[in-house]
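J.: Have a look at this one.
The values are calculated or read from the model by the stated rules, or taken from the named source; none is laboratory data. All values derive from a computational prediction rather than experimental measurement. All Cβ positions, glycine included, derive from the backbone under ideal geometry; neighbour counts span all protein chains shown. For the accessible areas, the whole protein counts, side chains as well, though only heavy atoms, and no ligand, DNA or RNA atoms are used. Shrake-Rupley method; radii C 1.70, N 1.55, O 1.52, S 1.80 Å.
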Amino acid sequence: MPRFERKQNIFRNKDALGESYQPERIEERDDEIEAYMDALQPIIDGWEPNNVFLYGNTGVGKTAVTDFLLDVLQEDVTEYDDVDLSVLSVNCKTLNSSYQVAVELVNTLRPAGAEISTTGYPQQTVFKKLYSELEALGGTVVIVLDEIDSIGDRDELLYELPRARSNGYLETTKVGLIGISNDFKFREQLDPRVQDTLCERELQFPPYEASELTNILESRAEVAITEDGCDGGVLNLCAALAARDSGSARQALDLLRLAGEVAENNDDDAIREHHVDQARSKLEQERVEEGMRELTTHGRLALLAVVSKAAKESTPCRTRELYQEYEALCESSGTDSLAQRSVHNHLSDLRMLGILSAKENRSGSRGNYYSYELDVPFSSAVDAMADVLYLDDEIETIRDIARMNSVV
DNA sequence: GTTCCACAGGAAAAGATGGTCG
DNA sequence: CGACCATCTTTTCCTGTGGAAC
């Protein structure tokens with residue numbers, strides 16, 4: 001008889017290691033908080049808000065500090081009758097233009113059922129809808145645009161919004177923009193006029209040091225993990241790994257959480273260092289599968305071409321050979337093949353996603369070219385492919401060949 | 001020293017798709 | 001319906017690259 005049994009050896013409150021958890025206090029960001037508060041001061045004073053631009057790698061506390069401070073601000077502002085503050089928060093990760101961000105803003109302001117479609121209107125129409133929604137809201141509105149770098153160079157909204165008042169689009173509402181970016185280069189590529197306004201106040205969040213990450217992990221582990229749920233040294237290991245890689249608290253916390261899950265599944269009574277190792281490869285695997293899910297048919301076929309070559313032990317492999325392999329796969333799947341330039345684009349994308357790696361070859365008269373190979377375990381690539389392509393026969397053949405060559 | 005191979009990757013334009021509006 | 005609109009993928013055309021061969 002199957003039976004559910006509650007396991008509580010390790011986790012006391014796993015959510016405290018999760019993405020959405022808001023700790024009661026933010027560790028190791030005192031200087032940033034001070035500067036940030038200074039930038040937000042005009043709001044409580046009743047003046048027009050500053051535009052703020054935050055940048056730093058993922059997981060260094062930008063979003064956490066923003067959420068935390070805006071909560072405090074919204075609380076404190078209730079003491080002043082003449083300030084009416086609204087906070088509008090949008091994650092732009094999946095919105096890759098000003099247009100889509102504007103649509104998203106309009107839709108969060110509108111009641112359910114009155115949302116507008118994400119395409120079809122001229123850009124200015126959407127902006128006007130946004131202005132009238134903002135005007136209806138009134139008071140001071142702080143708009144948080146998280147992961148704003150995903151809009152690339154289509155930054156018209158960032159030009160328009162800060163100027164909305166002086167251009168007469170907004171009469172009463174005061175708007176402040178808070179842009180958050182993981183990408184240092186994003187600021188550079190912005191229109192200089194946008195830089196001037198958006199980056200009135202700039203805050204840089206540096207990566208965490210290993211010792212800082214240890215402190216953060218300790219304070220979270222206190223809430224999340226039982227007293228004996230964690231070997232000594234595990235927190236240090238997670239902190240060290242994350243510090244060496246990205247300096248990201250997110251990564252350190254993910255490692256700890258996954259390591260805990262691994263330990264739990266093994267029926268161990270505490271997290272040990274070898275669990276962290278497993279968690280690390282699991283984290284990597286998740287990242288790859290995430291990337292593969294987003295691929296188009298031809299992107300997948302291009303990847304399958306590399307997989308197929310890998311099964312035959314003929315990687316690394318240059319573009320031309322991969323293109324031939326790709327054409328053969330298109331043939332057998334009844335798909336029209338693309339031009340070589342396009343396949344080259346797909347290979348390039350796959351390289352960006354970290355699924356492929358490429359070595360540059362300079363062989364003079366025979367040209368400069370890349371040699372591609374899988375940058376992920378063969379088996380995880382095949383498994384992920386099997387889920388998303390209809391080429392069962394081909395994938396089986398590739399598996400057979402791989403087995404013959406004992407590729408794993 | 002110059003040329004030239006055979007590729008990388010930028011830019012622009014063309015199509016396809018899925019939407020609004022009068 | 002037809003005129004527009006935004007966006008994504010793909011094609012076309014192009015420039016850049018660095019050492020071997022001339």
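J.: One residue is enough: does the range A:336-345 have a residue meeting the conditions out of contact with any Asp or Glu (no Cβ under 7 Å at 6 or more places or on another chain), open to solvent by 40 Å² or more (accessible area, probe 1.4 Å) and away from DNA strand C (no atom under 16 Å from the Cβ)?
T.: no
J.: To continue, here is another question. Of (1) surrounded by fewer than 17 Cβ atoms within 10 Å (Cβ to Cβ); (2) away from DNA strand C (no atom under 16 Å from the Cβ); (3) in the same structural domain as residue A:161 (by TED's automatic domain parsing), residue A:57 satisfies all except one. Which?
T.: (1)
J.: Which residues, counting only those in the range A:380-408, are open to solvent by less than 80 Å² (accessible area, probe 1.4 Å) and under 25 Å from the mean Cα position of the chain (by Cα)?
T.: Matches in the range A:380-408: A:380, A:381, A:382, A:383, A:384, A:385, A:388.
J.: While we're looking at this one, here's another question. Is it the case, given these coordinates, that residue A:352 is without any contact (Cβ under 8 Å) to a residue 40 or more places away in the chain, in the same structural domain as residue A:309 (by TED's automatic domain parsing) and of a type in the set (A, V, I, L, M)?
T.: Taking the combined requirement at face value, the residue satisfies it.
J.: Return yes when residue A:177 is part of a strand (DSSP E or B) and modelled with pLDDT of 90 or more and no when it is not.
T.: Answer is yes for this residue.
J.: Sort out which residues of the range A:121-145 are more than 12 Å from DNA strand B (Cβ to nearest atom) and not in a helix (DSSP H, G or I), and write them in order of number.
T.: Of everything in the range A:121-145, those that are more than 12 Å from DNA strand B (Cβ to nearest atom) and not in a helix (DSSP H, G or I) turn out to be A:138, A:139, A:140, A:141, A:142, A:143, A:144, A:145.
J.: Would you be able to say whether some residue in the range A:356-369 is among the hydrophobic types (A, V, I, L, M, F, W, C), open to solvent by 60 Å² or more (accessible area, probe 1.4 Å) and more than 8 Å from DNA strand B (Cβ to nearest atom)?
T.: no
J.: Only residues that are of a type in the set (A, V, I, L, M) and either at pLDDT below 95 or touching a Ser or Thr at 6+ places or on another chain (Cβ under 6 Å) (or both): list them for the range A:137-173, please.
T.: A:137, A:141, A:144, A:148, A:151, A:157, A:158, A:161, A:164, A:170
J.: Sort through A:321, A:327 and tell me the only one that's farther than 30 Å from residue A:256 by Cβ, more than 15 Å from DNA strand C (Cβ to nearest atom) and surrounded by 15 or more Cβ atoms within 10 Å (Cβ to Cβ).
T.: None of the others qualify; the one that does is A:321.
J.: Looking only at the range A:96-120, count how many residues are at pLDDT below 95, within 11 Å of DNA strand B (Cβ to nearest atom) and at negative phi.
T.: So the count comes out to 5.
J.: Among the residues in the range A:375-383, are any in contact with a strand residue (DSSP E or B) (Cβ under 6 Å, 6 or more places away or on another chain) and either within 9 Å of DNA strand C (Cβ to nearest atom) or acidic (Asp, Glu) (or both)?
T.: There is at least one residue in the range A:375-383 that is in contact with a strand residue (DSSP E or B) (Cβ under 6 Å, 6 or more places away or on another chain) and either within 9 Å of DNA strand C (Cβ to nearest atom) or acidic (Asp, Glu) (or both).
J.: Okay, moving on. Have a look at A:71, A:82, A:146 and point out the one that is touching a strand residue (DSSP E or B) at 6+ places or on another chain (Cβ under 7 Å) and either surrounded by fewer than 18 Cβ atoms within 10 Å (Cβ to Cβ) or assigned by TED's automatic domain parsing to the domain that holds residue A:37 (or both).
T.: Result of the check over A:71, A:82, A:146: A:146.
J.: Same structure again: Which of the following residues is more than 10 Å from DNA strand B (Cβ to nearest atom), of a type in the set (A, V, I, L, M, F, W, C) and on the phi < 0 side of the Ramachandran plot: A:350, A:322?
T.: None of the others qualify; the one that does is A:350.
J.: What pairs come up if the first residue lies in the range A:91-112 and is open to solvent by 30 Å² or more (accessible area, probe 1.4 Å), the second is within 13 Å of DNA strand C (Cβ to nearest atom) and among the hydroxyl-bearing types (Ser, Thr, Tyr), and their beta carbons are under 6 Å apart, counting only those six or more places apart or on different chains?
T.: A:93/A:150; A:96/A:150
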